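J.: Structure incoming, see below.
The values are calculated or read from the model by the stated rules, or taken from the named source; none is laboratory data. Computed from a predicted model, the values in this text were never measured in an experiment. Neighbour counts are summed over all protein chains in view; Cβ atoms, including those assigned to glycine, are modelled from backbone coordinates with ideal geometry.
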Amino acid sequence: MIRLSNMRLPINYNDEDIRKICAKELRISPKNIEKASLYKRSIDARHKNDIHYVSQIEVFLNTNEKNIISKCKSAKAAISEKYNYEPVSPGDKSIKPLIIGMGPAGLFCALIMCQSGIEPIVIDRGSSVDIRTKKVNEFWNNRNLDTECNVQFGEGGAGTFSDGKLNTGTKDTRARKVLEEFVHYGAPYEILYNAKPHIGTDKLKATIKNLRLDLEKMGAKIMFDTKLININCNNNKVQSAVLMQNSKEITIECSHLILATGHSSRDTFEMLYNMGISMEDKAFSVGARIEHLREKIDFAQYGNLSKQLPAADYKESVHLKDGRGVYTFCMCPGGVVVASQSEKNSVVTNGMSYFKRDNINSNSALLVAVNPDDIKSNKKLKGMYFQRELEKKAFIFGGEDYSAPVQKVGDFLKNQKSKSFGNILPTYRPNVKFAKMDDILPAFVVHGMRQAIPLIDKKLHGFADSDAILTAVESRSSSPIRILRNRDMQSVSIQNLYPCGEGAGYAGGIISAAVDGIKCAEQILLSTKK
C-alpha cells in the first residue's frame, strides 16, 4: 500500500476522480490501481476563489510498489504506519475493577478491559441514553430538571448532547483505535478520514448504546442510576466503594477503582477532597455562547461556494495586551444552544448539533481564560465554586425559571441591555430573557470578550454582527480541578484509585478522554502482572 500526501481534490469529487488523480500522480494507468481511498481530508479555504480539499489517499496497486515510490515524491510506503491496537493480556484475570462514569473515558476503559478478558462493573449516576433523552427533553420543554440525569450525567457523558466532535490535539496513536471503534458501533465511516470529524448528537446516541450493549455481551456489568458516595480503604489501598442506588446504600468490593466522573460531578469532588485525596486548582475558561446565522458563517468561510460545502466551522483565538487569552471553543455549525445545567437554580449553556448540521444558526463558546490566581478565595476547589456562582447569577438574571440571559453583540459592545432581536433568533430552550453580560460575568471576562470580538471579526467577517446573540453562561468547558496521579495513573494519595479523563483534569474532549480511559485500562492490566 502507498499513501499519497497533499493531494488536491475538487469540492465535487467522486471515487473515479480519486482514482484518476492518483494514477496521474503515480504516472501509471488507472488499471494498475486496485483500490484508492481517503485516509485524511480537509478543506483548504484560504483563497475564496480556489477552495478545494487537501487529502492523503491510500492506494493499493497490482504492480510493483517500490519502483513507483522511488519515482514519486508525494508517495511513501505506509504499511508500518497503520495502527493495530493489541489489548494488554492481564496477569491476573480475577481482578474486579469498578469504573465510575460512562462517558468516553469510562466506556473505553471498560472496552479495553473486556477485550482483554476482564469483566468490569461500570456505573453511572444517570440513566441509559434512551431514558436520559426523555429526561433532557422534559427539562428543555417543561423546566423539570433531574439533577442526577441530564445533559451532564448519564450514558455517554456530557458529549452525548453536544456535536460528537472528535477532532483533537492529541498525537496519541490510540486515537485511531477510538475512531475505529466508533465506526464499528455505528458512527459514520467518514470520521476515519475527515480532519475535523464529528458524529452528531443523533448518531452518537445510537453508537454509545451499541457500545454498551456489546460491553454487556462481553461480561461487563452495567449499573445505571447509581452514584458513588464514598470509598473504603485499608492500608491506604482501595477496598470497596459505597454506592447509592434507588435511595439505598450498597457496598461493592473492587480491586481497582477508576474515577471517570466527568467535569461536573461536584459532590464527588467534595467527597474526594474531604477524604484527603490530593488535588489542585487548574486553569479553565468561562464566557458565553455566541450565535450567528449559519449561512453568514458559511459565506465568510467559503464565499460563493458555501452552498456546495458542508456547514462551516471555525476556531479563533486572540491574545490581549494584558496577556490573557480569548478563544472560541466547541463550535457547532448548524446547531443549537442547549441548557446543560445539573444543579437546581442555575443556568449553564453548551452547543449541540445533529450529524447534518443543518439548523439555521451556528454557535460556539466565546471563552476567556481563568487562572486560579484570578479567583480571590482561600477555599479549596475554588474554581468549582467560582463556576457555580456564575451559574446562579445567570439563573437570577434569566428570570429564575431556567430561562437564559441573552444580549445582542451590538448592545454588548456598547454595554447596554438589548430590547429586541434582529435577524438572528436564539435557539436556547426553554426560553431566554434580555440581560447584560456585565451583571453576570466578572469584569475581566467581559473586558476580554469586548476586546476579542472586533479582533476576531477581522479574521472572520461577520463575527461582530450586531444582531449576533450572546447566551450566558458557558462555564463547563473543562474541569477547574486536577486530581493528582502518578505516572502509573494511580492517585498519589491512595493505591488502586485511578483518576481518569476530563473530570480528573487530564483530557479536553471526547477523543482525549477516551484515550485516557484506554491508557488507564492498560496500566491496570499491566499492574496485574507484577
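J.: Can you name every residue in region 406-441 that is free of Cβ contacts under 8 Å to residues at least 60 places away in the same chain, touching an Asp or Glu at 6+ places or on another chain (Cβ under 9 Å) and within 17 Å of Ile453 (Cβ to Cβ)?
T.: Those that are free of Cβ contacts under 8 Å to residues at least 60 places away in the same chain, touching an Asp or Glu at 6+ places or on another chain (Cβ under 9 Å) and within 17 Å of Ile453 (Cβ to Cβ): Gly410, Phe412, Asn415, Ser418, Gly422, Lys436.
J.: A follow-up question, please. Report, by residue number, each residue of region 227-262 that is modelled with pLDDT of 95 or more, among the hydroxyl-bearing types (Ser, Thr, Tyr) and more than 20 Å from Leu111 (Cα to Cα).
T.: Ser240, Thr251
J.: Could you list all residues from region 172-202 that are in a helix (DSSP H, G or I) and either over 15 Å from the mean Cα position of the chain (by Cα) or surrounded by fewer than 17 Cβ atoms within 10 Å (Cβ to Cβ) (or both)? Talk me through it step by step, then tell me what you get.
T.: Step one: of region 172-202, the residues in a helix (DSSP H, G or I) are 174-184, 189-192, 201-202.
Answer for region 172-202, where residues must be in a helix (DSSP H, G or I) and either over 15 Å from the mean Cα position of the chain (by Cα) or surrounded by fewer than 17 Cβ atoms within 10 Å (Cβ to Cβ) (or both): Arg174, Arg176, Lys177, Glu180, Glu181, Val183, His184, Tyr189, Glu190, Leu192, Asp202.
J.: Could you identify the single residue in Ser491, Ser466, Ser477 that is touching a residue at least 12 places away in the same chain (Cβ under 8 Å), more than 22 Å from His319 (Cβ to Cβ), surrounded by fewer than 24 Cβ atoms within 10 Å (Cβ to Cβ) and within 26 Å of the chain's Cα centre (by Cα)?
T.: One residue alone meets the criteria, Ser491.
J.: Out of region 272-295, which residues are of a type in the set (D, E, K, R), buried (at least 19 other Cβ atoms within 10 Å of the Cβ) and under 20 Å from Asn371 (Cβ atoms)? Explain how you work it out, then say what you get.
T.: Let us first name the residues in region 272-295 that are of a type in the set (D, E, K, R), namely 280-282, 289, 291, 294-295.
Keeping just the survivors that are buried (at least 19 other Cβ atoms within 10 Å of the Cβ) gives 281, 289, 291, 294.
Matches in region 272-295: Asp281 only.
J.: Would you be able to say whether some residue in region 73-84 is basic (Lys, Arg), at pLDDT below 85, within 28 Å of the chain's Cα centre (by Cα) and more than 30 Å from His461 (Cβ to Cβ)? So that I can check it myself, show each step before the final result.
T.: Of region 73-84, the ones basic (Lys, Arg) are 73, 76, 82.
The next check asks that each one be at pLDDT below 85; those that pass are 73, 76, 82.
This time we only want the ones that are within 28 Å of the chain's Cα centre (by Cα), so: 82.
Now drop any that are not more than 30 Å from His461 (Cβ to Cβ), which leaves 82.
Within region 73-84 (the criterion being basic (Lys, Arg), at pLDDT below 85, within 28 Å of the chain's Cα centre (by Cα) and more than 30 Å from His461 (Cβ to Cβ)), the answer is yes, since at least one residue qualifies.
J.: Kindly establish whether Leu215 is under 26 Å from Tyr428 (Cβ atoms) and either crowded, with 17+ Cβ neighbours inside 10 Å or not basic (Lys, Arg) (or both).
T.: Numbers: under 26 Å from Tyr428 (Cβ atoms): no; either crowded, with 17+ Cβ neighbours inside 10 Å or not basic (Lys, Arg) (or both): yes.
It is false that Leu215 is under 26 Å from Tyr428 (Cβ atoms) and either crowded, with 17+ Cβ neighbours inside 10 Å or not basic (Lys, Arg) (or both).
J.: Follow-up question, since we're still on this one. Just name the residue that is surrounded by the fewest Cβ atoms within 10 Å (Cβ to Cβ) out of those in region 315-334 that are modelled with pLDDT of 95 or more and among the charged types (D, E, K, R).
T.: Lys315
J.: If you go through region 110-130, how many residues are under 21 Å from the mean Cα position of the chain (by Cα) and free of Cβ contacts under 8 Å to residues at least 60 places away in the same chain?
T.: Narrowing region 110-130 to residues under 21 Å from the mean Cα position of the chain (by Cα): 110-112, 122-130.
Right, trim to free of Cβ contacts under 8 Å to residues at least 60 places away in the same chain and you get none.
Number of matching residues: 0.
J.: Also, I was wondering about something else. So which strands (runs of 3 or more DSSP E) stay within region 272-380 end to end and still have 2 or more residues that are more than 30 Å from Asn144 (Cβ to Cβ) and either touching a residue at least 40 places away in the same chain (Cβ under 8 Å) or assigned by TED's automatic domain parsing to the domain that holds Gly398 (or both)?
T.: Details: elements: 279-281, 284-293, 317-319, 325-332, 336-339, 349-352, 361-370.
Passing ranges, in order: 279-281, 284-293, 317-319, 325-332, 361-370.
J.: Within region 122-134, how many residues turn out to be buried (at least 20 other Cβ atoms within 10 Å of the Cβ) and either outside any loop (DSSP other than H, G, I, E, B) or of a type in the set (Asp, Glu) (or both)?
T.: Taking region 122-134 as the starting set, the residues that turn out to be buried (at least 20 other Cβ atoms within 10 Å of the Cβ) are 122-127, 129, 132.
Restricting the remaining residues to those that are either outside any loop (DSSP other than H, G, I, E, B) or of a type in the set (Asp, Glu) (or both) gives 122-124, 129, 132.
Residues flagged as buried (at least 20 other Cβ atoms within 10 Å of the Cβ) and either outside any loop (DSSP other than H, G, I, E, B) or of a type in the set (Asp, Glu) (or both) within region 122-134 amount to 5.
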